[in-house]
Amino acid sequence: ELGSDVWVKIEEQCGAWGGNKVRKLEYIYPEVEPSGVKTLVTYGAGTSSWAAALALHSAARGLRVVLGLGGAVPDSYTRLYERTQTRVFALPGYSSSPLAAILARMSAGFRHARVLPPGGSGLPGDLGPLRAGLEIAAAVADGELPRPEAVFVPCGTAGTAAGIAVGLGSTGMLVPVIAVRVTPRPLGTAWLVERHARTLIRRLTRDGVASTDLRPAPIRGEDRFFPPAYGIGN
């Protein structure tokens, strides 16, 4: 129907609930846990899959989670938060997320809690989606996947799109990464993706990865699908 072949990378097949957020947690936990911190704080929309994944996997690791959420929380997430004894400060409307974040941070205490960025985007979490970009490039090199004309990524906090762009670019696969904005500005923009990509490259350079091999694939923004809502065209 689209006149093109569309290949989809299904993150749920990793065996752990949370999709691409699990990739970020694989790098966040090893950094947080040795510090002795027992409480994690994060914030975002009421529908944040990042918040839900953090609550689920942190409970299994003996970590307490405090959330500041703006907007309606799905019933399935509410049950998850109750089951995992996650403390939630939920305020009506997405625009109230900053206030909910402040309440969550105050409740957790500033000394004994680690605040994680919304979506898990930023370092070290962005190292996770970088691996996804490397996996795409490897699948093309192995003949498992035709070389794509573009890679489309839903883009909110921008870490996943940035990681994939750096992963592809570092292998020389300079196909455009299309960041499809699914959140209000300034989130979800190509500018934010590029900013995350630059920060990620600086981290890799500092860790000894040859800087001459590090560059993001071209990044383009796509704004036609928000508003009115995630997944609904104008």
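The values are calculated or read from the model by the stated rules, or taken from the named source; none is laboratory data. Quantities reported herein were computed from a predicted structural model and do not represent experimental measurements. Reconstructed Cβ throughout: ideal geometry from the backbone, glycine too, with neighbour counts over all protein chains shown. Quick note on the areas: whole protein, heavy atoms, side chains included, nothing else; ligands and nucleic acids left out. Shrake-Rupley method; radii C 1.70, N 1.55, O 1.52, S 1.80 Å.
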**Item:** With DNA, RNA and ligands ignored, accessible area of D5 (1.4 Å probe; Å², nearest 10)
**Value:** 140 Å²
**Asked** How fast does region 61-132 diffuse by Stokes-Einstein, in µm²/s, taking the Kirkwood radius from C-alpha pairs at 37 °C and 0.692 mPa s?
**Response** 244 µm²/s
**Message:** Let me make sure I get this right: for region 102-234, a, b and c are the square roots of the gyration tensor eigenvalues over alpha carbons, sorted descending. Under 1.5 in a/c it's rounded, otherwise prolate if a/b > b/c, else oblate. Which is it?
**Reply:** oblate
**Request:** Pull out the extension gain between K9 and D207, defined as 0.36 nm times the separation in residues minus the alpha carbon to alpha carbon distance; nm, one decimal.
**Result:** 68.5 nm
**Message:** Taking the Cα of S107, stepping 7 Å toward and past its beta carbon, and measuring to each backbone N in region 57-71: which are under 17 Å?
**Reply:** 58-59, 63-71
**Request:** Can you check what the net charge comes to around D223, using other residues whose Cβ is under 12 Å from the Cβ of D223 (Lys, Arg +1; Asp, Glu -1)?
**Result:** +3
**Request:** Kindly provide the helix-only [θ] at 222 nm of the chain, computed as the sum of -39,500 (n - 2.57) over DSSP H runs of four or more divided by all residues, to the nearest 500 deg cm²/dmol?
**Result:** -12000 deg cm²/dmol
**Request:** For the chain, take the alpha-carbon Rg, divide it by the Kirkwood Rh, and send me Rg/Rh.
**Result:** 0.97
**Request:** Using Cα positions and a limit of under 21 Å, work out the lysines in reach of K38, with same-chain residues fewer than 8 apart set aside.
**Result:** K21, K24
**Asked** For the chain, which longest stretch is free of loop sites, where a loop site is one of the GluC sites (Glu not before Pro) that DSSP puts outside H, G, I, E and B and that has at most 16 other Cβ atoms within 10 Å?
**Response** 2-143
**Item:** Förster-model FRET efficiency, 35 Å R0, L2 and A72, C-beta, rounded to 0.05
**Value:** 0.65
**Item:** Rounded, prolate or oblate (a/c below 1.5 giving rounded, otherwise prolate when a/b exceeds b/c) for region 161-222 by Cα gyration tensor
**Value:** oblate
**Item:** Local net charge near P34, Cβ-Cβ under 13 Å (Lys/Arg +1, Asp/Glu -1)
**Value:** +1
**Item:** Distribution of pairwise C-alpha distances over region 35-165, 5 Å bins, in %
**Value:** 2, 11, 18, 19, 17, 13, 8, 6, 5, 2, 0
**Message:** Give me the percent of accessible area attributable to carbon and sulfur for the chain, probe 1.4 angstrom.
**Reply:** 55 percent
**Item:** Simple Cβ-charge dipole of the chain, Lys/Arg +1 and Asp/Glu -1, about Cα centre, in debye nearest 20
**Value:** 1040 debye
**Message:** How charged is the neighbourhood of P124? Take every other residue with its Cβ under 14 Å from the Cβ of P124, and add Lys/Arg as +1 and Asp/Glu as -1.
**Reply:** +3
**Asked** What trypsin sites (Lys or Arg not before Pro) in region 42-81 are in a loop by DSSP, with at most 14 other Cβ atoms within 10 Å of the Cβ?
**Response** R61
**Request:** Could you work out how far the C-alpha centroid of region 80-103 sits from that of region 136-168, in angstrom?
**Result:** 32 Å
